[in-house]
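A short write-up of the structure that comes next.
The numbers here are math on the coordinates, done by the rules we state, and not lab data. Keep in mind that what you see is a predicted model, and the values were worked out from it rather than measured. Positions of Cβ are backbone-derived with ideal geometry, glycine not excepted, and every protein chain shown enters the neighbour counts.
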Amino acid sequence: MGVRDHFMKMLLLRPYAGHIGKVMPLGLLAVASVLKRAGHDVRILDLRLSQQPGEDLQNTLLEFDPEYVGIGLMTIEAEYAFATAAQVKSIKKDVTVIFGGPHCSHEPQFILHDPNVDLLVVGEAEITIIELFDALQNNTDLASVKGIAYRKNGEYVLTPERPVIKDLDWVNQEYGLIRVEDYFQPECSTDFLPATRRFMSIVTSRGCPFKCTYCHDLFGKSIQYRSPEVVLQEMEYLIETYGVQEFQILDDVFNVNMKRCKQILAMMAERKLNVKICFPNGVRADFFDDEMIEIMEAAGVYRLALGIESGSSRIQKIIDKKLDIAIIDNVVKKLARANISVHGFFMLGFPSETREEMDETIKFACNLDLATANFSLVTPNPGTRLRETLVEEKKLQNKEFSQYTFDTVNSNESKLDSADLLTMRKAAYRQFYLSPRRLWRIFHTTKMKGLLFGKSPFTLLWRNAFSSN
Ligand code: B12
Ligand code: SF4
């Protein structure tokens with residue numbers, strides 16, 4: 001990290017990460033877009049799409065010859081990201097490796113212990129990365145850059161928190177920095193059952209005012225919006241430029257501001273965008289009315305996910321979701337009647353959760369008119385209240401959250417032992433899916449029937465549900 005008097009060259013990577021979804025890397029694209037606009041030379045390499053990730057990484061490093069390599073990661077990808085950082089350093093030892101993404105939102109000391117990671121961007125990166133590169137170029141003290149962490153004389157330094165970005169209208173993506181066509185394949189869909197092959201992920205707001213104990217606060221406990229007009233312009237651009245036929249809206253809680261939600265969807269219908277829309281990241285079940293469902297249907301919404309999590313009212317209280325589960329049956333029925341296929345998100349293994357409460361959740365899920373559901377194991381990710389409480393109560397010894405994986409029990413404070421918890425999860429999938437009513441609903445609501453058999457997120461879901469590990 002010496003004095004720089006020229007623009008920086010940065011390679012941004014998503015690590016190869018086994019079976020983890022290959023959704024378009026919007027985080028990398030956001031970072032790359034601001035760097036490009038600031039005049040830096042930037043390239044994105046998504047190793048998740050690569051047939052030979054090792055070779056592709058080596059060739060790109062040698063040919064592009066970057067000074068900086070940025071790696072974006074979720075917590076469950078951390079092991080893969082560390083391996084990628086080690087490979088980067090073994091090919092080009094002078095390169096500065098910068099980690100960023102959801103995994104780096106809190107407790108950076110446990111990430112910086114890896115000698116191959118030089119710097120972390122903590123939280124949202126659009127402003128931080130520019131200030132960081134300015135500081136590196138001008139050789140000013142990095143301590144003046146908010147929202148980063150690094151090592152100095154063997155100690156780790158965490159600079160003050162970076163405030164969330166309030167105005168999101170300027171964070172437009174430079175789509176030319178990725179090969180959009182590469183992501184038009186079912187494996188890259190965020191939704192289990194996309195309606196078309198030409199789908200695109202899009203974010204219209206960041207953050208959420210709720211404080212569910214297991215959830216991130218990457219974007220603060222408030223919502224920051226892009227204006228509806230800017231969102232529509234981006235959609236029109238994507239339709240014209242790439243022939244997009246479907247938008248997968250990934251906001252944390254798109255429908256909480258019901259007025260804005262209706263406005264955007266109504267604008268899509270008025271302008272006859274003629275696309276399909278889904279909300280695979282989930283919306284709240286308690287922010288619906290009949291008008292919204294009508295507008296959704298008219299705008300092309302064919303599928304959405306609801307974050308339900310638990311069928312037990314005691315667990316609902318503990319997780320502080322502030323959701324009245326008594327309303328859910330009716331909402332799902334109305335959505336199903338409007339030809340909107342509904343996915344349910346459920347979680348098993350909350351602290352103190354009993355077998356009976358998990359059974360309640362499974363029963364609750366099975367009785368709803370859902371097309372699909374998944375049952376995740378509770379994981380105390382960095383930055384969650386769940387993790388904070390477990391650490392405070394000294395129940396969580398494992399500070400090495402970088403070792404968390406998707407399909408194992410990462411931490412278990414439920415009343416079941418870990419083996420029973422895994423068995424419970426499998427039972428949940430079996431009970432939910434192995435019913436003629438469900439299979440009919442899945443078949444009936446799936447637009448591209450081939451997805452039920454080919455390589456797609458749905459078959460991944462199926463494998464997770466029925467594999468023997
Ligand atoms: C799309 C998505 C996915 C996609 C792919 C993720 C991806 N980006 O490639 C898929 C569907 C695969 C996925 C899966 C999961 N996800 Co997810 N997912 C999301 C979602 C909804 C949107 C991500 C996104 O594109 N955001 C928009 C971009 C702009 O934000 P961003 O990526 O965070 O990027 C910003 C910063 O993080 C940073 N940044 C990002 N990358 C980099 C890189 C560098 C070098 C730098 C400097 C900065 C930087 O700058 C960006 C701009 O400010 C987020 C929620 C959210 N609102 O973000 C959850 C989220 C990322 N997922 C989460 C989780 C937990 C999961 C699961 C593990 C859940 C589960 N148990 O089932 C699963 C894994 C299942 C599996 N086997 O695949 C958590 C991550 C928490 C964590 N600590 O890792 C999040 C935050 C949601 C939550 N409620 O907590 N997910
Ligand atoms: S789970 Fe949903 S409602 Fe709860 S804090 Fe996260 S985004 Fe908000």
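Worth pointing out:
- Extent of the chain along its three principal axes (Cα atoms, max minus min coordinate, largest first): 64, 54, 39 Å.
- Counting DSSP beta bridges with both ends in the chain, the antiparallel % (nearest 5): 20
- Taking the chain and dividing mean pair separation by its residue count, relative contact order in percent (alpha carbons under 8 Å, at least six apart): 14
- Phi angles across the range 154-162 convert, under the Karplus curve 6.51 cos²θ - 1.76 cosθ + 1.60 with θ = phi - 60°, into 3J(HN,Hα) values of x, 9, 9, 10, 10, 7, x, 4, 7 Hz, Gly and Pro given as x.
- Calculated over the range 163-276: convex hull of Cα atoms, volume per residue (Å³): 122
- Convex hull volume per residue for the range 356-449, taking Cα atoms only, in Å³: 134
- Looking at the range 9-158, the pairs of alpha carbons with a distance over 20 Å make up 43% of the total.
- Relative contact order [Cα under 8 Å, 6+ residues apart], the range 9-158, whole percent: 21
- Rounded D (µm²/s) - the range 255-347, Kirkwood Rh over Cα pairs, Stokes-Einstein at 25 °C, 0.890 mPa s: 179
- Listed by chain and number, the lysines whose alpha-carbon sits under 17 Å from that of K455, ignoring those within fewer than 8 places in the same chain, are K22, K447.
- The ranking of E126, E181 from fewest to most other beta carbons within 10 Å of each one's beta carbon is E181, E126.
- The Cys residues in the chain with no partner Cys Cβ within less than 4.7 Å of their Cβ are C104, C188, C208, C261, C278, C366.
- Evaluated over the Cα positions of the range 41-120, the convex hull gives a direction-averaged projected area, one quarter of its surface, of 5.1 nm².
- Residues of type lysines that K415 reaches as a straight line, Cα spacing below 27 Å, ignoring anything fewer than 8 places off in the same chain: K211, K317, K321, K322, K363, K394, K395, K399, K426
- Calculated FRET value between W170 and D329, using beta carbons and R₀ = 41 Å, to 0.05: 0.45
- With neighbour counts taken as other beta-carbon atoms within 10 Å, the residues I20, I325 rank, fewest first, as I20, I325.
- Peptides ranked, highest mean first, by Cβ atoms within 10 Å: ranges 237-247, 444-454: 237-247, 444-454
- Extension gain, Q52-I127: 0.36 nm per intervening residue step, less the Cα-Cα distance, totals 23.7 nm.
- Cross-link reach list, lysines versus K93, counting only Cα pairs under 21 Å and skipping chain neighbours closer than eight places: K9, K152
- Nitroxide proxy distance, nm - points 7 Å out along Cα→Cβ at K317 and D417: 3.0
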